[in-house]
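Encoded as structure tokens, the structure appears first; notes follow it.
The values are calculated or read from the model by the stated rules, or taken from the named source; none is laboratory data. What you see is a predicted model; the values in this text were computed from it and never measured. Ideal geometry is used to build each Cβ from the backbone, glycine not excepted, and the neighbour counts take in all protein chains shown.
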Amino acid sequence: MYVCVYVRRSTRLRVLLPQYWSSSQRDSEIDALTIQDLTELLEQYGAHMFAEMLIQGNMTPEEAKDLAVYLRREMDFGPLSREQRFKPGVKWLPEGSLVTVEMANRDPDSPNTVVTDYYQSCPRTDRDSTIASLLVSCMEEPAFDDLRTKKQLGYTVSLNYHNYEMVAFSLTVVSQPAKNSVEKVEECMQNFVAGFCETLKSWNKKIFQSHIDSAIQERLEPDVSLEEEVGRNWGEILHSKYCCFDRHLKEVRGNAY
């Protein structure tokens, strides 16, 4: 996918989520909205809702329950059935398929182009998700060394791991076409991924174990702030897991590596 930085994620989700509206789609509709549209939406929005709450901090369980009851009473909304709730449904791209999305930079004066390659693997399981996360951590340093330092394709090289419903990762290079064409950047990125897969097969047990040890150590690190802990726990609620608020520890204890 060839996209500008600020719409990169939006473009990827537009491909993967059938009901997703990109920022450009929203921009094209906003001028046509009226105050009546907003009023009708607010009436519909408040009539039936599905609400979830996470409370962490200096509050007893009884106080938290009282707060939940108070908010529910004051908001006074009707129930939203399970069938009515939004279901994202990430697309499973056919094996071997290639989807290319090109978008112009919305800033005509910007000299930058962003090239992102997205690799989807399989429906998410805890074990596959952990393995994919380890793969990305193994690739990060070699990717930067090859694409940024040696080939000097662009000033930013990054890897991102995606585990919402599907296991996937993406490799991104921010470049300037005046120095390196999009075609050259894309070719180098694909060559790197293919070459790294071959390199990985040649790793001995000691090299691989060092990456596993680093991943385990990272998961055993305590949360440095309440905000970080809440963010991790809210992710479990957001993805409807609920029962695994200590997932990072269970991945280690369960020998997911």
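Of all residues in the stretch 69-87, exactly one satisfies the criterion of being hydroxyl-bearing (S, T, Y) and assigned to a loop (DSSP other than H, G, I, E, B), namely S81. Being in contact with a Ser or Thr (Cβ under 7 Å, 6 or more places away or on another chain) and surrounded by fewer than 17 Cβ atoms within 10 Å (Cβ to Cβ) is a property that does not hold for N191.
Among the residues making up the stretch 142-156, those that are hydrophobic (A, V, I, L, M, F, W, C) and buried (at least 18 other Cβ atoms within 10 Å of the Cβ) are A143, L147, L153. Can you tell which of R82, R106 is among the basic types (K, R), over 30 Å from K184 (Cα atoms) and out of contact with any Pro (no Cβ under 6 Å at 6 or more places or on another chain)? Going through R82, R106 in turn, the sole match is R82.
Suppose the filter is assigned by TED's automatic domain parsing to the domain that holds S170 and either under 26 Å from Q19 (Cβ atoms) or not in a loop (DSSP other than H, G, I, E, B) (or both); does S121 pass it? Spell out the reasoning first.
Numbers: assigned by TED's automatic domain parsing to the domain that holds S170: yes; either under 26 Å from Q19 (Cβ atoms) or not in a loop (DSSP other than H, G, I, E, B) (or both): yes.
Criteria met by S121.
Considering each residue of the stretch 101-114, count those that are more than 19 Å from Q19 (Cα to Cα) and touching a strand residue (DSSP E or B) at 6+ places or on another chain (Cβ under 8 Å), and give that number. Residues flagged as more than 19 Å from Q19 (Cα to Cα) and touching a strand residue (DSSP E or B) at 6+ places or on another chain (Cβ under 8 Å) within the stretch 101-114 amount to 6. Checking the stated criteria, V114 turns out not to satisfy the condition of being in the same structural domain as M189 (by TED's automatic domain parsing), in contact with a Leu (Cβ under 7 Å, 6 or more places away or on another chain) and of a type in the set (A, V, I, L, M, F, W, C).
Residues V136, V90: which one is within 28 Å of E236 (Cα to Cα), touching a strand residue (DSSP E or B) at 6+ places or on another chain (Cβ under 6 Å) and assigned to a loop (DSSP other than H, G, I, E, B)?
On the way: V136 fails: assigned to a loop (DSSP other than H, G, I, E, B).
Criteria check complete, one pass: V90.
For K179, state whether it is in the same structural domain as S133 (by TED's automatic domain parsing) and among the basic types (K, R). Steps first, answer last, please.
Details: in the same structural domain as S133 (by TED's automatic domain parsing): yes; among the basic types (K, R): yes.
In short, yes.
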